[in-house]
1. Could you size up the charge dipole of region A:70-226 around its Cα centre, putting +1 on the beta carbon of Lys and Arg and -1 on that of Asp and Glu, and report it in debye to the nearest 20?
2. With a 1.4 Å probe and every protein chain left in place, tell me how much accessible area A:His56 has, in Å² to the nearest 10.
3. Give me a comma-separated list of calculated 3J(HN,Hα) values for region A:151-160, in order, Karplus coefficients 6.51, -1.76, 1.60 applied at θ = phi - 60°, integers in Hz, x for any Gly or Pro.
4. Could you tell me the calculated FRET efficiency between B:Glu133 and A:Lys211, based on Cβ-Cβ distance and R0 = 35 angstrom, to the nearest 0.05?
5. Going by the alpha-carbon gyration tensor, a ≥ b ≥ c the square roots of its eigenvalues, is region A:160-226 rounded (a/c under 1.5) or, if a/c is not under 1.5, prolate (a/b greater than b/c) versus oblate?
6. Across peptide A:89-95, what mean number of C-beta atoms from other chains lies inside 10 Å of a residue's C-beta?
7. Using the basic label-point model (7 angstrom from Cα toward the beta carbon), what is the B:Asp123 to B:Glu209 distance in nanometres?
8. Would you give the gap between the C-alpha center of region B:156-225 and the C-alpha center of region A:4-81, rounded to a whole Å?
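The values are calculated or read from the model by the stated rules, or taken from the named source; none is laboratory data. This structure is a prediction, so every number in the text was calculated from the model and none was measured. When we count neighbours, we look across all protein chains shown, and the Cβ atoms used for this are built from the backbone with ideal geometry, even at glycine. These area figures cover heavy atoms from the full protein model, side chains too; ligands, DNA and RNA do not enter into them. Shrake-Rupley method; radii C 1.70, N 1.55, O 1.52, S 1.80 Å.
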Amino acid sequence: MAVEKNNNGLQLLGFWVSPFAQRCHIALAEKGLSYESLEQDLSNKSELLLRANPVHKKIPVLLHGGRPICESLVILQYLDEAFPEASALLPSDPGARAHARFWAGFVDTKVFECGVRLWKRKAGSEPQVQARKEMVEALRTLDAELGDKPFLAGEAFGFVDVAVVPFAAWLVSYGRLGEFDVEEVCPRLVAWAERCGERESVAKSIHPPEKVWEFVGFLKNKLGDK
Amino acid sequence: MAAEAPAVKLIGGYGSPYVHRIEMALRLKGVTYELILEDLRNKSELLFKHNPVHKLVPVLLHGDRTVCESLVILEYIDEAFDGPPLLPADPYERSEARFWAQFIDQKFARPFWFSFWTGDDVDKRAFLKEAKENLTLLEAQLKGRSFFGGDTIGFLDITACALAHWLGVTEEVTGVTLVNKEELPAFCKWADGYISDETVKQCLPVRDELVAYFSARKEMYMARARATLHK
């Protein structure tokens with residue numbers, strides 16, 4: 001597969017610890033597509049970011065020939081469609097594609113959103129305790145969905161694994177904030193996370209759980225309820 | 001002799017714009033389907049069996065496949081059935097349609113809910129302002145065309161169906177006005193065009209019935225809004 005010297009006209013606006021940006025880094029690596037990585041300062045957003053994503057002002061944003069694509073799962077699907085010659089992230093069967101989209105969406109609405117409440121709401125408050133219950137249930141559900149399969153996508157690492165694996169680095173933090181034993185709640189997911197971590201694309205893109213925990217501390221301090 | 005196409009069933013519930021999205025998609029594709037209506041206050045074993053994760057409608061049953069989550073179902077229908085495409089062909093235009101669909105389902109919903117269903121004890125001005133800004137952003141995506149899909153209804157139009165029909169109903173039930181024809185002319189023209197479409201009319205709940213349905217559930221929606229506000 002040819003690696004274009006001009007980075008395929010691709011630029012990724014990201015932020016080091018963002019699981020959404022990491023999805024895109026992993027996807028680009030899996031597809032063997034070179035690109036320019038532009039780390040953003042979210043405390044002082046650049047003109048480039050504000051112009052590229054005026055609606056949400058968030059990363060990640062993929063720029064392809066200068067045109068912006070926003071929302072990580074939209075970016076992943078765009079990469080498959082704009083670069084059909086590179087190895088596909090999504091499977092070809094419509095039923096399997098629906099399965100992948102469903103579970104990628106599940107992580108966004110049930111795990112990530114809940115995770116925000118877990119660090120944002122005051123520890124031990126009613127909303128935070130509610131968030132703990134929801135997180136445990138969400139992780140158990142994901143663990144059951146993985147079941148005995150080597151990957152969420154089945155026999156091989158796929159779109160849904162790309163979408164979910166960045167959150168593996170957050171499990172330690174969720175466990176601490178939620179006061180639950182991650183190994184007890186989702187043992188298969190823990191093993192899966194290690195398996196995925198052996199892939200170069202994943203190893204290069206995600207940060208160790210303790211670094212994430214440090215970042216959560218920073219978030220809690222800055223934006224958490226007092 | 002060709003094998004018979006596997007049966008298509010849609011588990012739905014009265015009054016749901018998410019269910020309407022799927023009925024529209026199936027009809028635009030020319031797919032015959034059986035609609036199974038749930039009583040959403042008394043959900044059936046069938047629904048729990050096919051959507052154990054969210055326990056929500058719509059759910060599409062296609063042969064031995066089950067698909068949940070309306071936007072996931074829309075893409076499935078586009079990919080699994082022949083017929084006119086719902087999404088545009090160009091990858092960049094597809095990414096734009098998906099982006100705005102996510103916008104409608106995520107960023108849009110919250111200020112919309114809180115604008116209409118919170119009580120007089122809540123200062124709605126910020127929610128109304130955000131909801132209006134969201135509508136303005138969406139209106140810009142029409143880019144002078146009749147529909148988001150161009151000359152005909154497509155993926156983003158059916159995704160936005162609640163804005164064409166349910167929004168007006170909600171304004172009537174709650175007495176809160178969000179849309180102003182002077183401020184959002186293209187949006188209003190789109191909404192009128194959508195609800196006048198012959199295919200839409202075949203599966204759109206009748207306005208008066210929907211008003212009665214929402215009015216009867218006003219307390220429930222207000223309680224839900226109150227609970228979510230303090231989450």
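1. 740 debye
2. Here the residue's solvent-accessible area equals roughly 40 Å².
3. Using θ = phi - 60°, the values come out as 9, 4, 7, x, 6, 10, 4, x, 3, 5 Hz.
4. With R0 = 35 Å, the Cβ-Cβ based efficiency is 0.45.
5. The shape class here is oblate.
6. 3
7. Rounded to a tenth, the inter-label distance reads 4.2 nm.
8. Region B:156-225 and region A:4-81 have Cα centres spaced 36 Å from each other.
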